[in-house]
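Below: the structure, in structure tokens.
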Amino acid sequence: MTLTHHETAEETVRDDTGHELLRFLETLPELDQLRIELIDGKIVMQASAAPFHNRIVARLSAQFLAEEWEVLPEQAMISDISSFEPKADLSVTTAEKIADNRNPLPADRVDLVVEVVSSDRDSDYVKKRMWYAMSEVPFYLLVDPNDGTVELCSHPDPRKLRYRTTDRFQFGDAVELPAPFSFGVDTSQFKLYPPKPPR
């Protein structure tokens, strides 16, 4: 891809070439250890998550698997909103919805997404929440080990770019998921991030 002097990288990424650039970056072995996403028209690369983050993701994954849901870690998702291609920490769906092995996975095949907040809170609390609502993902489970909170967002309202309902919980609470899940997520083993050492 060659940019003319009138184009910027951000303008180029905002159209379909953003997805093409993402596909290209994913083929580079030098970037294997990075999570690469398209968020609000910008390519975002993040290093591997910390152990407490990964531990929460693993515990959530085990709970959904025990209830016979399909759990896809860091699955690329797309919708009609082309300036995004997030890779949620977990995408929860059914075997039928992924039978054709489509990748990236259309957002309308996902029943619930999980994001565990790391360092970029704006991405999880604002940008991704907006995109999941606009793409009508029914449930968004946001886990924040910075302050020990969990938010369950439901009833997406794509016109208002938000979820109509947000239920808030603390680590240790059971997060009751409505149908089609109908079980409580156990958060008692989730841990707060330790304080950052002084510089």
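Structure summary
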item	result
Gaussian network model of the chain, springs between alpha carbon atoms under 10 Å - residue of Y140, Y163, Y125 with greatest fluctuation	Y125
Residue of A50, A107, A99 that the Gaussian network model of the chain assigns the largest fluctuation, springs spanning Cα pairs under 10 Å	A99
Stokes-Einstein D (µm²/s) once Rh is taken as the Kirkwood radius of the chain over alpha-carbon pairs, at 37 °C in 0.692 mPa s	186 µm²/s
Cα convex hull volume per residue for region 52-91 (Å³)	60 Å³
For region 153-181 versus region 67-135, the gap between their alpha-carbon centres in whole angstrom	15 Å
Among E96, E176, E68, residue whose mean-square fluctuation peaks in a GNM of the chain (springs only between Cα atoms under 10 Å)	E96
Tilt relative to the chain, helix 51-66 - C-alpha long axis, 0 to 90 degrees, to 10	70 degrees
Helix 17-26 axis, angle to the chain major axis (alpha carbon atoms, nearest 10°)	70 degrees
Debye intensity ratio I(q)/I(0), log10, region 133-199, q values 0.12, 0.19, 0.28 Å⁻¹ (C-alpha model)	-0.38, -0.77, -1.17
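Every number here is computed from the coordinates shown, using simple stated rules; none is lab data. Just so you know, these numbers come straight off a predicted model, no measurement behind them.
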